[in-house]
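The values are calculated or read from the model by the stated rules, or taken from the named source; none is laboratory data. All of these numbers come straight from a predicted model, not from anything done at the bench. Here Cβ is always computed from backbone atoms with ideal geometry, including for glycine, and neighbour counts include all displayed protein chains. Please note that ligands, DNA and RNA were not included when accessible areas were found on the heavy atoms of the full protein model with its side chains. Shrake-Rupley method; radii C 1.70, N 1.55, O 1.52, S 1.80 Å.
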Amino acid sequence: MENLYCLRCNRELEAGHKSVAVYMFAQTVGIRPRQKSSAQRICFCSQCSVSLAMGPPPEGALNIAAWQMIRDLVSADPALNQAAWETLRGVEELLAATGTDDGPARGYFEF
Ligand SMILES: [Zn+2]
């Protein structure tokens, strides 16, 4: 499976990573035979998705269309905000580390 990267911050999105995927394809209209391009998948990590949605509209018709779709997702349910918050806090990394780390147990209160 190919590795995916956040379009905005270039963070690598591993399998199962909470993110938003925007799918895009083009299709001819009123022309026979009808042609359809291959679909492109554009990914944003949860932090960038929330950040984009909270921010001002970008320039460009395609960017605005994508921005509105991401805003729909972010405003519909707090799950994406929660995912972004967890990433920011590094909770996911801490949880993953406790499962595989052979070193001394990492305490939550060590800074
Ligand atoms: Zn990102």
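Highest mean first, the peptides 72-80, 30-38, 45-53 sorted by other C-beta atoms within 10 Å per residue fall in the order 45-53, 72-80, 30-38.
For the range 26-69, carbon and sulfur atoms together expose 58% of the accessible surface, with a 1.4 angstrom probe and every protein chain in place. If you wrap the tightest convex hull around every Cα atom of the range 1-84 and split its volume per residue, you get 115 Å³. Rolling a 1.4 angstrom probe over the protein chains, ignoring ligands and nucleic acids, what is the accessible area of GLU12 in square angstrom, nearest 10? My reading of the accessible area for GLU12 is about 70 Å².
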